[in-house]
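The values are calculated or read from the model by the stated rules, or taken from the named source; none is laboratory data. Computed from a predicted structure; not experimentally measured. All Cβ positions, glycine included, derive from the backbone under ideal geometry; neighbour counts span all protein chains shown.
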Amino acid sequence: MRLLTKLRTQAVEEGLKKTRLEMKDVRREEDRIKADILDLNKNQEEMKDLIAMNELRQKEVNLRLRAVPETQGENIKVKLTTELATWLEIPIEEMANAIQSAFRLKTKSAKNKRFVGDCLVVFKEREMRNMILQKNKEKRLNIGGNYIIIFKDIPVRLLKRRDSYKELVQALKRFNIEFKWEFPEGISFIYKSKRQKLTSPEETSKFLRKYKELRVDKEEDKSEEIERKADSEEETERSGGEEEEEGGEGKI
């Protein structure tokens with residue numbers, strides 16, 4: 001009887017030992033699969049970034065113009081050629097030769113007549129585009145009584161990567177600190193005579209924890225968050241999320 005009990009106990013212990021080993025194997029396999037999935041996701045994100053950066057290079061001769069008054073039957077290319085030439089004080093023929101194409105983008109909100117669609121201008125060379133961006137820092141373009149907002153044409157994926165930097169951007173603007181967006185992600189600026197380059201949300205959070213004077217109190221932060229949310233919803237509806245007007249502190 002004791003022998004039988006001992007054998008049964010040994011069988012149970014061996015069974016438990018085998019089960020524990022099998023569970024360890026299962027956990028190792030699960031960890032391996034998770035690691036493979038993380039690597040796959042990382043590779044996919046890197047591939048998407050490469051595609052976005054290639055798209056950015058293709059768009060480097062483009063500019064988006066917002067708030068250009070819309071008229072029925074307009075020839076937007078002729079209209080913008082004339083307005084831009086007058087603003088830059090150059091011959092219309094010179095501007096006409098510099099523009100490859102120009103058209104008005106149709107958006108959901110534009111169709112609902114909440115906003116006019118942005119205008120996209122494609123230049124033959126970067127020289128004229130850069131001339132316009134420089135002029136925009138000195139004097140705003142005004143068409144039909146509207147001050148025109150001028151953007152570089154940045155891929156939506158790269159713009160969305162900037163969402164995690166909104167708190168820092170608000171702080172930099174509050175202190176009139178110029179900054180520059182990095183690609184595919186990040187922001188650089190000079191603070192306390194030292195150049196800062198932050199390329200991840202983690203680095204940004206760490207920076208704000210270190211320099212607490214850049215953070216705002218809860219009530220002010222809540223107010224700004226409401227404004228940011230409203231602006232974000234409006235911008236998303238209008239155009240898919242362009243960021244920062246060219247010529248201000250937020251340089252694309």
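Return the residue satisfying two criteria in turn: it lies in region 80-112 and is in contact (Cβ under 8 Å) with a residue 12 or more places away in the chain and basic (Lys, Arg), and of such residues it is nearest to Arg126 (Cα to Cα). Top of the filtered list is Arg104. Name the single residue, out of those in region 160-169 being under 19 Å from Lys197 (Cβ atoms) and touching a residue at least 40 places away in the same chain (Cβ under 8 Å), that is surrounded by the most Cβ atoms within 10 Å (Cβ to Cβ). Looking at the filtered set, the residue picked out is Leu168.
When region 37-88 is filtered for residues that are more than 26 Å from the chain's Cα centre (by Cα), charged (D, E, K, R) and part of a helix (DSSP H, G or I), the ones remaining, listed by number, are Lys77, Lys79, Glu83. Just one of the numbered conditions (1) touching a Leu at 6+ places or on another chain (Cβ under 8 Å); (2) of a type outside the set (Ser, Thr, Tyr); (3) buried (at least 17 other Cβ atoms within 10 Å of the Cβ); (4) at pLDDT below 95 is not true of Ala110: (1). Residue pairs whose Cβ atoms lie under 7 Å apart, sitting 6 or more positions apart in sequence or on different chains, and linking a residue in region 133-144 that is modelled with pLDDT under 95 to a partner that is assigned to a loop (DSSP other than H, G, I, E, B) and of a type in the set (A, V, I, L, M, F, W, C), do not occur here.
From Phe183, Phe175, Phe207, Phe151, which residue is at pLDDT 95 or above and of a type in the set (Phe, Trp, Tyr)?
After ruling out the rest, the residue left standing is Phe207.
I'd like the full set of residues that are at pLDDT below 95 and surrounded by fewer than 13 Cβ atoms within 10 Å (Cβ to Cβ), limited to region 81-107. Within region 81-107, Lys106 is the sole residue that qualifies. Screening Lys48 against (1) of a type in the set (Lys, Arg); (2) over 26 Å from Lys135 (Cβ atoms); (3) touching a Cys at 6+ places or on another chain (Cβ under 6 Å) leaves a single unmet condition, (3).
Note on region 135-171: residues that are over 20 Å from Leu56 (Cα atoms) and out of contact with any Leu (no Cβ under 8 Å at 6 or more places or on another chain) amount to 14. Of all residues in region 148-157, those that are in a helix (DSSP H, G or I) and surrounded by 20 or more Cβ atoms within 10 Å (Cβ to Cβ) total 0. The set of residues in region 117-126 that are of a type outside the set (Phe, Trp, Tyr) and touching a helix residue (DSSP H, G or I) at 6+ places or on another chain (Cβ under 8 Å) comprises Gly117, Asp118, Cys119, Val121, Lys124, Glu125.
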